[in-house]
C-alpha cells in the first residue's frame, strides 16, 4: 500500500478548507445582500406610494429637504476636500526634480502662453510721469526702447517730461498704427520698414485682429501693432545704393558647409529671437567685420529693393540652410562668390530701418526663420 506524503495531505486539507469557506462566504453574501435589497425596495415602494397617493403633495418638501441636505454636506465637507486638493497641488508643484531624465521641456502652447503673459496681454497702459523721470528711465522700466515711447506719444527727442503728464506704454517695441481705407498688412509693414517675411510679424502678433483670419483683411479705423516697426523720417531721400568695397574678399573656390555656425560678429545681443522678431540683433558701437557663419555661395549682396534690411548679404550653404546679414555699412563680397566659414563678408552698419549700428542675423531653412540660439554656442 502506497502512503500519501505528509506535505501533500496538508495541501489537500487546506484546499478543502478554502473550498468550504468560499462556499459559505458565497451563500452568506447572497442571502444577506438579498435581504438588504428586499428591505431597500420595500422602503422605496412605501415612499413612492405615499407620493403617488397624495398627487405630489410631498414632492416639493422632499425636493426642498434634499437640496438643503446637499447644501449642508457641501458646507461641512467642501472645505476639507478643497484643502486636501490644494495641498496635493502644492506638493506636486514643490516636488524637486530628481534627475535630468525627469525634466521635460514645456510644450509649444505653454511656451507661447508665457510669451503672451510677458507682453501684458497686448494691453496699452497709462503711465503718469513723476518728478525726475525721463523718457529713457520710463522705457527701461517697461523693457522698451526710448524710440517706442517717443513715436507713440508723438514726442521729439529733445522733449522734456512734466510731472503729471500721461504717456501711453505699448506692450512691445514697435509702432501702433491706425488703419485707413485701402491699407493691407503688406502696405502697413512696408510703411514702417518691414518687408517680405518680416511682415509675418504683424500676423504672428497674437493681439492683432483681422476681419478675415485667412486673408488678414483690415478694417478702417482699427489699431494695428507693428512689432519692430520704425517710423520713417519726414524728409524723403533718393533710394540708397549699396556700398561695395573696392577690395573684395577673394573667392574661396570649392567649398562645403560644415553644418556648424560660428558667431558672425562680436558685440551685445540687443534683441533676441521672439515670435515677432525671428532673428538676432548684435550691436557694437565700434562696428567691426561681419563673418560668414558657415561656408557657402553668396546669393545676394547689396540693397536691391530699398527695404528695411538695408545692405545685406544672403549666403546659401548648400545643405538646406541660408543665412542673412542685414544693415551692413560695407559689402565685401559679390553675388555668386564662394566663401569659407569665417571669411569677412562686410562691415557692421546701420543702413535700412535701423536705429543704431548693429547686425541683423537670420538663419533660414526651407523658408522658415530658425532660432539662432539653437545653432550658436
Checklist entry - Looking only at the stretch 230-276, which residues are in contact with a helix residue (DSSP H, G or I) (Cβ under 6 Å, 6 or more places away or on another chain) and modelled with pLDDT under 85? => result 275, 276
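Give 213, 204 a once-over and let me know the one that is in contact (Cβ under 8 Å) with a residue 40 or more places away in the chain, more than 30 Å from residue 130 (Cα to Cα), surrounded by fewer than 20 Cβ atoms within 10 Å (Cβ to Cβ) and within 21 Å of the chain's Cα centre (by Cα). Before you say what the answer is, go through the steps one by one.
Values: 213 fails: in contact (Cβ under 8 Å) with a residue 40 or more places away in the chain.
On inspection, the qualifying residue turns out to be 204.
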Next on the checklist: Residue under question is residue 179, and the condition is that it be surrounded by 20 or more Cβ atoms within 10 Å (Cβ to Cβ), in contact with a strand residue (DSSP E or B) (Cβ under 9 Å, 6 or more places away or on another chain) and without any contact (Cβ under 8 Å) to a residue 60 or more places away in the chain; does it hold?
Outcome noted: no
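The values are calculated or read from the model by the stated rules, or taken from the named source; none is laboratory data. This one's a predicted model, so the numbers in the text were calculated from it and none came from an experiment. Glycine gets a Cβ as well: all are built from the backbone with ideal geometry, and neighbour counts include every protein chain shown.
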